[in-house]
Amino acid sequence: MQREAKLILSFFLGVFLVLAAGWAQADPPGGHGPEGEAAEAGPEMMPGGGPGFISQLSLTPEQVDQLKQDKLDKRKKMIQLRAKLEELQLDLATEVEKDRPESKKIETIARQMGEVQSKMILARTQSVLFLKSILTPEQKQKWDELQLHQGGAFRGEGGRGWKKMHR
């Protein structure tokens with residue numbers, strides 16, 4: 001009986017880890033950059049559009065520099081968050097594989113994983129908000145037009161549940 005319980009628990013852990021990895025690597029809002037993360041995308045590949053999308057906003061050199069710095073900052077943060085998530089996935093797998101896994105510890109690890117994933121979503125969202133914050137009123141109007149045409153910064157690509165961000 002204990003062997004069956006361990007097998008069932010291992011199965012559910014495997015399913016959870018696959019889902020967690022999928023969430024961690026999920027397409028960010030509006031598309032993805034060269035490394036698959038909107039927060040890591042360059043100015044020409046920010047959330048909400050593909051190549052040329054940002055060029056349609058006629059950004060100033062200063063705005064481009066600001067976006068590049070934001071990209072660098074977000075990449076560093078995302079690297080740390082992905083590393084933490086992987087560490088927690090290992091902790092969870094280790095705990096589940098024990099002869100007597102502690103359900104409280106499993107719950108704690110699962111909550112911590114959720115917190116890390118929330119931080120990743122927040123970092124991606126902050127990239128869009130940062131972009132919008134540095135736009136002139138004319139650029140914001142163009143952004144809005146492009147978003148309507150493209151389906152919004154959070155257009156639900158890949159069926160991963162992203163919703164269009166309300167202004």
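The values are calculated or read from the model by the stated rules, or taken from the named source; none is laboratory data. Predicted model, so just to flag it, every value in this text is computed and none were measured. Note that we place each Cβ from the backbone using ideal geometry, even for glycine, and neighbour counts take in every protein chain shown.
Count, please, the residues in region 64-89 that happen to be aliphatic (A, V, I, L, M), surrounded by 12 or more Cβ atoms within 10 Å (Cβ to Cβ) and at pLDDT 95 or above.
Residues meeting the conditions: 5.
Conditions: (1) free of Cβ contacts under 8 Å to residues at least 24 places away in the same chain; (2) within 30 Å of residue 54 (Cβ to Cβ); (3) more than 19 Å from the chain's Cα centre (by Cα). Residue 118 meets all but one. Number of the miss?
(3)
For region 95-104, does any single residue satisfy the condition of being in contact (Cβ under 8 Å) with a residue 12 or more places away in the chain and within 17 Å of the chain's Cα centre (by Cα)?
No, every residue in region 95-104 fails to be in contact (Cβ under 8 Å) with a residue 12 or more places away in the chain and within 17 Å of the chain's Cα centre (by Cα).
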